[in-house]
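> My questions will all concern the structure given below.
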Amino acid sequence: MKKYPFVYLACTAAVVGASLGATPASAGHMTHVVHAGQSIQKAVDAAESGDTVLITPGTYRESVTVTTPGLTLRGVGRGVVIEPAAAKAAGTCAAGGNGICVVGTKERKVEDVTLASLTVTGFTRSGVYATATDGLTVRHVTAVKNGVWGIAQEGSVRGVFRGNTARDNGDAGLFLANTISAEQGATDTGGTLVERNRLEGNRIGVTVRRLRNLTVTGNHLTGNCAGVFVVGDENKPRAGQVTVAENRIVRNNKSCPKTARLDALQGSGIVLTGTEDTLITQNVIRDNAGTSPLSGGIVLFKSFVGTASERNRISDNELSGNSPADLVDQETGKANTFEANTCQVSRPAGLC
């Protein structure tokens, strides 16, 4: 049998030096090192739960599907670039226009996969796409110029998205949803965390769609058409119980045209639409300006189907230079509260 020329090393920690080698560590788990010109997918297919696939610098023209729980797929930095294959590639991940796919099933979520320290670019749909995962970690991934989403996940729980860069993607830099293909109520993510990411030049920086129990914190969002969207509708359970805190949301003034479901976008900091029991606190929101119905620093807006946002709390945010106003409440919803925000102009007046 022909052996594929990976290097297999027992490890808990792979140390990559000038020679791009690795050192052995604890028993039981292997490191599979992939060099430029080799196939990442073949290494992933050879790996077992707990193993690491370590990718050395180079451009890899392929899509990669991960279904093995406990697998780590890690590059050694931005010099590891995954791009679409020149010819039509086989496999559902490539056929779907995605770069890296992490895929579980409805019956069994794929658990504890980690993606780290690489770049995915130029895919017609998503740089990273995950479905039916539990405990997925995506860190220090750069997703650039993908057709729809930079990094996207649906039908998943307990994810961690930390320290990533999503830039110039066609829709959201980071997109998290209950499901994309069906209408249903919001699902509980079990505490998914979106933390310290940089989201720039996308249509929307972060979209949270029909989810509950999720935190978006410490991110930097600039140059998008809109910074953060938290989206719900009339389905039960309602979307909400999301915390958006301590983010810096500045000059999201790119102009994006109207779509079938959403007005034209420009100059939106944070938009809540059709949500409940969401906390927006301690964010810095500056100089987001536009003429869209959704423009403004923090905007409460009826959902696409007319469902009001209710019992959301907007407190202790620092807002300035947003137009048409720092705080915009277009709702007739119940018990939305605005308190202790530092701002200059609101619509209606009196919210600052």
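Please treat every number below as a calculation from the coordinates, not as lab data. In this text the structure is predicted, and so the values were computed from the model without any measurement. Methodologically, a virtual Cβ is constructed for each residue, glycine included, from the backbone with ideal geometry; neighbour enumeration extends over all protein chains shown.
> If I take all pairs of Cα atoms in the range 104-231, what percentage of them are more than 17 Å from each other?
The proportion of pairs with Cα distances above 17 Å equals 51 percent.
> Now for a different question. May I ask you to work out the translational diffusion coefficient for the range 287-352 at 37 °C, viscosity 0.692 mPa s, via Stokes-Einstein with Rh from the Kirkwood sum over Cα pairs, reported in whole µm²/s? Kindly include the intermediate steps, with their values, before the conclusion.
On the way: Rh = 11.9 Å.
Value of D from the Cα-based Kirkwood radius: 276 µm²/s.
> Something else now. Semi-axes of the equivalent ellipsoid for the range 68-119, please: Cα gyration tensor eigenvalues, times 5, square-rooted, ordered largest first, whole Å.
On the way: eigenvalues 88, 67, 8 Å².
Here the semi-axes work out to 21, 18, 6 Å.
> Go through Lys236/Lys302; Lys106/Lys302; Lys106/Lys145 and tell me which ones have a Cα-Cα distance over 22 Å in this structure. Write down the numbers at each step before the final one.
Working: Lys236/Lys302 16 Å; Lys106/Lys302 32 Å; Lys106/Lys145 30 Å.
From the list (Lys236/Lys302; Lys106/Lys302; Lys106/Lys145), the Cα-Cα distance tops 22 Å for Lys106/Lys302; Lys106/Lys145.
> Project the alpha carbons of the range 192-285 onto their principal axes and report the range along each, largest first, in whole Å.
33, 31, 17
> Starting from 0 in steps of 10 Å, tell me what percent of the Cα-Cα pairs of the range 32-91 lands in each bin.
Computed distribution, short to long bins: 24, 55, 21, 0.
> Let me ask you something else. Give the aspartates and glutamates reachable from Lys42 as a straight Cα distance under 19 Å; neighbours fewer than 8 places away on the same chain don't count.
Asp51, Glu62, Glu83
> Suppose the Debye formula is applied to equal point scatterers at every Cα of the range 150-216; what is log10 I(q)/I(0) at q = 0.16 Å⁻¹?
Each listed q maps to, in turn, -0.49.
> Could you give me the radius of gyration and the Dmax of the range 225-352, taking only the C-alpha atoms into account and expressing both in angstrom?
Gyration radius and largest Cα-Cα distance of the range 225-352: 13.0, 37 Å.
> Can you tell me the Rg and the Dmax, both Å, for the Cα atoms in the range 32-149?
Final numbers for Rg and Dmax: 12.8, 37 Å.
> Same structure again: Considering the convex hull of the alpha carbon atoms of the range 246-303, report its projected area averaged over all viewing directions, in nm², one decimal. Provide the component values of the computation, followed by the final result.
Values: hull surface 15.9 nm².
Computed as one quarter of the Cα hull surface, the answer is 4.0 nm².
> Using Cα centres only, tell me the gap between the range 278-352 and the range 231-268 in whole Å.
Comparing the Cα centres of the range 278-352 and the range 231-268, I get a distance of 12 Å.
> What three numbers, in Å, describe the spread of the alpha carbons of the range 214-268 along their principal axes, ordered from the longest?
33, 31, 9
> Sticking with this structure for a sec: Can you tell me what the convex hull of the Cα atoms of the chain projects to on average, as an area in nm²? Don't skip to the end; give the middle numbers.
Numbers: hull surface 72.2 nm².
For the Cα atoms of the chain, the hull's average projected area reads 18.1 nm².
> Given a Förster distance of 41 Å, report the FRET efficiency between Gln184 and Ser320 from their Cβ-Cβ distance, rounded to the nearest 0.05.
0.55
> For Glu111 and Ser49 in one chain, what is 0.36 nm times their gap in residues minus the Cα-Cα distance, to one decimal in nm? Don't jump to the answer; show the numbers that get you there.
On the way: separation 62, 0.36 × 62 = 22.32 nm, distance 0.97 nm.
Contour length minus the Cα-Cα distance gives 21.3 nm.
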